[in-house]
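Everything below concerns the one structure shown next.
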Amino acid sequence: MNATDIITSFGGIGLLLLGIALMSESIQKLAGSRLRTILTNLTGGPGKALLTGMLITTIIQASSATAIATIGFVSAGLITMSQALAVIFGANVGTTVTGWIVAIFGVQYSIGNISLIFVVIGSMLKILYTDKKADIGMIMAGFGLLFFGISLMQQGMAQLPAIINFSNIVGEGIFDRLILFAIGFILTILMQSSSAAVAIALIALNTGAIHLFQAQILVIGMNAGKSIPILFAGIGATPDTKRIIAADFLFNIITAIILFILIPWLSPLLLFLCNTIYPIPYEIQLALFHTLFNCIGVLLFT
């Protein structure tokens, strides 16, 4: 793995982050006040509020944006605390959709070769228009950059298994699992995006740098890590805001601890179930595990 591979890998990560940010920001701008209307109209009972959080975050792919909007609505008295918590928990499930998109279209049926077409079309829309078409253009450009970044990451990380031997950290012992957990935890904090961190785990799994069990432990650490940045939003915040932030923190940390303890038994069970009828690619299994992780958290906290 030479300097070119390293630069390519980091360049791919940068484009991935930029693509996610462009898509999320442009969708939020395009939706505008309608997000507020959707949130206030759809949040009813806990079940409905949970689905609202999942729906909104699936669309905008930014659980932090959903959380910030929800906190604002609680402060304004538009929704209750119980509704807000259900929305936040649902947002944690909704954000896992990025993993499915990467696993299917970035790995299994790679569209990296044609992704720059989306960038070109999106850029033209941005240049030629100043209305909603410009926002649509930025969504398309972000979509293209995301998958082009994945393609670059695959190229750059192709030689990684031959250089770094992760087989020494198999994950079977508690110490190995703690190391992998810490790597995922720190990676998410550094990148400020659990979706991007999970994408890296998917690419590493696809290139053979790590195996499925290692990737699952990384994802557990990544989910725990995404709860740290939001803690800073609680500094000087209102009591209601602090309660929501604390609940989101506990949701991710406690669920991560439980999954960390159960993973030696849960992983083989999922592997057996996923391969009983028809073998499912490991990348899809990891995306499924990511979603299952957050669904278990919802079951625990509702």
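Per-structure values
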read-out	value
Residue list for region 161-181, filter: part of a helix (DSSP H, G or I), at pLDDT 60 or above and open to solvent by less than 70 Å² (accessible area, probe 1.4 Å)	176, 177, 179, 180, 181
Residue among 156, 208 that is at pLDDT below 85 and open to solvent by 10 Å² or more (accessible area, probe 1.4 Å)	208
Condition check for residue 213: modelled with pLDDT of 90 or more, within 14 Å of the chain's Cα centre (by Cα), assigned to a helix (DSSP H, G or I) and surrounded by fewer than 24 Cβ atoms within 10 Å (Cβ to Cβ)	no
Extreme residue, most open to solvent (accessible area, probe 1.4 Å), among residues of region 126-153 that are among the β-branched types (Val, Ile, Thr) and assigned to a helix (DSSP H, G or I)	127
Meets criteria (in a loop (DSSP other than H, G, I, E, B) and at pLDDT 70 or above) for residue 123	no
Single match in 57, 37 (criterion: modelled with pLDDT under 75, assigned to a helix (DSSP H, G or I) and open to solvent by less than 30 Å² (accessible area, probe 1.4 Å))	57
Residue 116 being among the hydrophobic types (A, V, I, L, M, F, W, C) and under 19 Å from the mean Cα position of the chain (by Cα)	no
From 261, 296, 284, 277, residue being part of a helix (DSSP H, G or I) and open to solvent by 70 Å² or more (accessible area, probe 1.4 Å)	261
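The values are calculated or read from the model by the stated rules, or taken from the named source; none is laboratory data. What you see is a predicted model; the values in this text were computed from it and never measured. We place every Cβ from the backbone using ideal geometry, glycine too, and count neighbours over all the protein chains shown. What goes into the accessible areas is simple: the full protein's heavy atoms, side chains included, and nothing from ligands, DNA or RNA. Shrake-Rupley method; radii C 1.70, N 1.55, O 1.52, S 1.80 Å.
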